[in-house]
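Only one structure is covered here, and it is reproduced in the block below.
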């Protein structure tokens with residue numbers, strides 16, 4: 001067990017938020033659309049449908065087959081101009097998921113795609129696997145925030 005205060009690296013929350021928002025949109029009987037950054041490495045979409053480096057994809061169950069909203073990839077089969085194509089999008093390339101009918105959904109910030117995690121940085125510039133024999137310094141405490149204040153506006 002790690003002592004309190006140790007921060008373990010966590011995976012991206014984007015695939016979890018993506019799946020939850022998809023379920024929410026579908027549960028409300030609306031049409032889920034994805035906004036994709038088509039210029040990112042690994043994105044496989046029809047280039048004819050890309051506008052300004054981005055593409056919008058309808059991922060409703062009536063529009064796609066074999067939809068997979070995984071932790072690393074969004075994959076499905078869809079028809080473009082009558083031709084079935086396999087669409088593959090790395091999760092970091094998903095910029096937003098929203099309901100077509102009302103625009104409600106979630107936008108995501110930029111997230112880099114990497115082939116491998118960088119080595120863990122240790123004190124003294126060492127990388128993971130090496131130790132200095134000295135205890136790790138205590139991390140700085142998070143900055144204190146002001147308590148929220150409410151005002152009556154007339």
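Any read-out appearing in this document is the output of simple, stated calculations on the displayed coordinates, not a laboratory observation. Keep in mind that this is a model prediction, so the values were computed, not measured. Methodologically, a virtual Cβ is constructed for each residue, glycine included, from the backbone with ideal geometry; neighbour enumeration extends over all protein chains shown.
Considering the range 77-102, and only residues there that are under 19 Å from the mean Cα position of the chain (by Cα) and not in a strand (DSSP E or B), the residue that is surrounded by the fewest Cβ atoms within 10 Å (Cβ to Cβ) turns out to be 91. Restricting the range 50-72 to residues that are assigned to a strand (DSSP E or B) and in contact (Cβ under 8 Å) with a residue 24 or more places away in the chain, the residue that is surrounded by the fewest Cβ atoms within 10 Å (Cβ to Cβ) is 58.
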